[in-house]
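One structure below.
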């Protein structure tokens, strides 16, 4: 079996890389939502424009002109792996918003059944689920 090189193109180059990949014979396989398995012999034929910035076998692809800058050059930015799944700001956790959380000190009593809760949120959830009311 031939050696395969895993390539995760940058978000900006993903479409161009996919177009190059499906034009190959045989076609380059996908192994994840944003990861391609390229035969080692075919990797050398990949256009550099679609490789720059990509993650190649777990490492950021460095263009020859970046590499030629030598030891006195400014260091590359810290490597951060790309996410497989696209991110959407609408799906962010509201608890990370940095909004101040009001100081809650219990107990919080359900006005319907008298059950006590350590947090107002627990009491309110209880009211909705058990009693079908919204509360105060």
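A short reminder: the numbers here are calculations on the coordinates, not readings from a lab. All values derive from a computational prediction rather than experimental measurement. Don't worry about glycine lacking a Cβ; one is built from the backbone with ideal geometry, like all the others, and counts go over all protein chains shown.
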Can you name the residue in the range 36-51 that is surrounded by fewer than 16 Cβ atoms within 10 Å (Cβ to Cβ) and in a loop (DSSP other than H, G, I, E, B) and, of all such residues, is nearest to the chain's Cα centre (by Cα)? 47
Which ones in the range 12-30 are loosely packed, with under 14 Cβ neighbours inside 10 Å and part of a loop (DSSP other than H, G, I, E, B)? 12, 23, 24, 25, 26, 27
